[in-house]
Amino acid sequence: MTADIPAVLVADDQRDVRDALRLLLKSGGYEVHCVESPAAALEAASAGRFAAALIDLNYTRDTTSGEEGLALLAALREIDAELPVVVMTAWGSIELAVEAMRRGAGDFIEKPWDNARLASVLRSQIALGEATRQAGRLGAENTRLRAENRLLQSEDAHSFIATAESMRPVLALIERAAPTDANVLILGENGTGKGLVARRIHALSGRRDRSFVKVNMGGIAEGVFESEMFGHVRGAYTDAKTGRLGRCELADGGTLFLDEVANLPLAQQPKLLRVLEEGEFERLGSSRTTRTDLRVISATNADLAAEVAAGRFRKDLLYRLNTVEVKLPPLRERRADIVPLARSFLVRSAPRYGRGAMRLAPAAERALESYAWPGNVRELAHVLERAVLMSTRDVIEPDDLWPPAVRAPELSAPEPDAPEPAQHAAVTLADAEEALVRDTPRCTLSAIAEVRPARPRVRHTPEGPMHTRRYQTRLLLDAATVALPGLTALGLAVVAGPVSIGRIVILATLAALLSWVLAIRARNRAIYPLHTASNLLAALRAGDTSLRAAGAVRDDSFGDVMWEINALAGVLRAQRLRVEEADALLGKVVATTDIALFAFDAGRRLKLVNPAGAQLLGSDPAQLLGSTVTSLQLDFPADTGASHIAVRQFPGGGGRYEFRRRVFREGGLEHELISVSDLSRALRAEERSAWQRLIRVLGHEVNNSLTPIKSIAATLAELSRREPPPGDWR
């Protein structure tokens with residue numbers, strides 16, 4: 001098997017099929033290896049590597065089930081899980097195709113095959129297999145690179161040296177902001193380690209296992225900004241031969257580090273702002289919106305406030321970038337870190353240039369501490385790398401640090417115990433905590449005063465006291481309506497004249513009459529709903545579910561009762577309809593089944609027979625009712641159990657029948673159900689099915705015998721049309 005020509009494994013038990021497939025595939029540019037059995041196919045797959053396998057599902061053991069081919073498919077997948085397998089069979093069915101695909105087949109071809117379709121399927125499967133293997137290789141490479149990235153991050157974290165007093169607020173801010181997804185803006189002079197801080201924030205975040213994508217904004221031309229940041233599709237511009245992922249898409253789920261962000265052109269700033277605000281963008285040349293989830297860390301040595309004031313940087317973009325702002329002090333303000341950093345660079349550079357263990361002389365350390373370091377940490381690293389390369393000793397002296405022409409570069413010998421600069425002492429963590437403690441109570445009290453929770457509103461449920469109050473209110477209104485004329489007359493009588501015994505008697509009589517009318521009205525109002533409810537319940541008990549309480553609303557207690565009774569009537573009616581539908585369905589099943597059914601009472605007299613039973617006995621169902629089991633020839637010995645098979649001759653036909661007996665209770669009495677099934681009809685159906693299968697097998701065998709001949713003829717016809725014809729096909 002050569003590396004340039006894809007090899008195909010063909011497994012089929014028929015030699016003419018193998019020859020036809022060998023001719024077809026070899027003419028298509030494949031190297032073909034044919035075998036005749038599953039064992040030979042497994043041996044070949046274990047010995048060599050194939051681009052695809054084309055296997056039959058049926059071999060010598062049987063001709064229809066496909067079990068041998070399915071077992072071979074599973075075994076091939078165990079040997080090479082990435083091998084594309086195409087199965088072929090002359091006994092195709094949906095169930096067999098689904099099972100083959102479930103076990104790992106790439107495609108399913110039914111015999112007789114079409115040459116063009118078989119070649120197309122095979123090409124697709126080979127391309128898919130190669131893509132799968134390529135994806136596996138890329139995945140493994142990606143895993144390796146991620147492991148290396150984590151190793152580098154751990155080395156960076158180990159080499160992150162910050163012991164100076166001025167770095168303590170910076171470290172505290174990094175540890176507080178890193179676990180969050182807040183955007184971070186790192187400010188500082190050139191060479192202060194902004195990129196190292198960005199990697200440390202990523203390593204301490206929850207995105208540490210995802211991508212860290214660094215973009216130098218100063219190195220991207222304005223014309224290719226969209227393509228670099230958002231990607232492009234094929235044909236987006238003249239040289240876009242293929243599609244490409246942008247940096248924002250590569251950083252999905254991880255961190256995007258924008259170095260020198262102040263160099264971002266003003267015209268491109270709104271596009272980056274949209275990614276920060278909405279998390280979405282479009283590739284160049286595409287209208288499809290792509291969403292991304294990333295954290296942005298940016299860095300610059302410029303004064304962004306001045307850039308905003310000058311109109312060269314958008315204020316809203318700055319607000320999105322500087323959620324957390326980290327200011328790195330220059331190296332001249334971190335004198336306690338100079339010597340540890342120098343020793344670290346010395347250890348890192350010595351193996352690179354093949355030097356052994358090297359160290360700094362005390363004089364060299366003092367010289368490093370006395371230097372102003374305008375290039376900060378980057379300059380320190382370059383100085384130590386040059387010293388390792390140029391020194392002829394294992395001890396670095398001051399003469400090895402700088403060229404001879406530069407003996408005393410910008411020395412600023414500070415006092416040995418000089419304190420850190422005052423501007424950093426004013427923003428220490430302790431001062432920030434003190435200000436936070438001082439300002440918190442006042443802010444909290446004002447917030448409580450402004451945001452006072454409102455008293456919750458209580459809403460009664462339908463079953464609560466609201467309906468009781470409504471009913472009491474209605475009774476009071478009725479009483480007021482009845483008593484208002486009497487009270488008006490009483491008031492007029494009192495005002496109109498002097499009080500006398502006769503007047504008092506008349507008024508008392510009138511008040512008693514009004515009270516009696518009020519009592520009668522209240523009684524009727526209370527008793528009428530009870531009578532209505534009683535009548536409805538009596539109707540429901542009698543089985544009448546058609547009655548309803550008119551105007552039943554959930555307005556008061558009686559209205560609730562009426563509404564619930566109506567709901568109960570609706571439920572009972574629905575249940576009755578379901579029972580009636582079930583009875584109708586059962587009656588239809590009994591009437592349409594071809595099994596004869598006979599129901600007998602306790603005296604073993606026929607009470608019910610279905611149409612199949614009446615047809616078997618050759619009589620009208622009404623004439624059969626009341627007949628005994630014995631007279632109808634339906635009885636069989638009890639010692640045979642619940643079923644019995646016998647040969648009987650009935651008026652409606654004769655043959656071999658199966659009798660089944662079931663006993664059930666209805667109305668407190670035992671009843672007996674006897675079913676009679678015609679086994680002769682089932683045997684005749686099986687015989688007819690066997691003949692159909694035999695004819696189908698013969699047809700398939702004839703068709704399969706002609707398939708290789710048709711395939712070879714089509715292949716030779718195709719080869720004869722080629723110019724010039726290959727010499728090895730003559």
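Quick note: the coordinates plus some simple rules give every number you see, no bench work behind them. Bear in mind the structure is a predicted one, so any value in this text is a computation, not a measurement. Ideal geometry is used to build each Cβ from the backbone, glycine not excepted, and the neighbour counts take in all protein chains shown.
Grab the other residues whose beta carbon is less than 15 angstrom from that of ARG662, score K and R as +1, D and E as -1, and report the net.
Working: positive: ARG604, LYS607, ARG660, ARG661, ARG665; negative: ASP601, ASP635, GLU658, GLU666, GLU670, GLU672.
Once positives and negatives cancel, what remains is -1.
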Practice task
Run down the lysines and flag those whose C-alpha is under 29 Å from the C-alpha of LYS271, throwing out any fewer than 8 positions away in its chain.
Solution key: LYS194, LYS214, LYS241, LYS315, LYS327
Completion exercise
Here FRET efficiency (C-beta to C-beta, ALA267 to LEU128, R₀ 41 Å, nearest 0.05) is 0.40
Problem - Local electrostatic count at LEU346 - Lys and Arg +1, Asp and Glu -1, tallied over other residues with Cβ under 14 Å - result: +2
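How big is the shadow of the Cα convex hull of the stretch 159-327, averaged over all directions, in nm²? Write down the numbers at each step before the final one.
Values: hull surface 41.3 nm².
So the mean shadow area of the Cα hull is 10.3 nm².
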Exercise for the section: With a point put 7 Å past each Cα toward its Cβ, work out how far ASN216 is from ALA542 in nm, to one decimal. Expected result: 9.9 nm
Completion exercise
The equivalent-ellipsoid semi-axes of the stretch 245-309, taken as the square roots of five times the Cα gyration tensor eigenvalues and listed largest first in whole Å, are 23, 14, 10
Completion exercise
In terms of the alpha carbon gyration tensor, root eigenvalues a ≥ b ≥ c, rounded if a/c is under 1.5 and otherwise prolate when a/b exceeds b/c or oblate, the stretch 7-137 is rounded
Completion exercise
Taking Lys and Arg as +1 and Asp and Glu as -1, residues besides GLY356 with C-beta under 12 Å from its C-beta add up to +2
Handout entry: Rounded FRET efficiency, nearest 0.05, which uses the C-beta distance separating GLU397 from ALA172 and R0 of 51 Å
Key = 0.85
Exercise for the section: Provide LYS111, LYS241 in ascending order of the number of other Cβ atoms located within 10 Å of each residue's Cβ, fewest first. Expected result: LYS241, LYS111
Problem - Magnitude of the charge dipole, the stretch 7-137, Cβ model with Lys/Arg +1 and Asp/Glu -1, debye to 20 - result: 480 debye
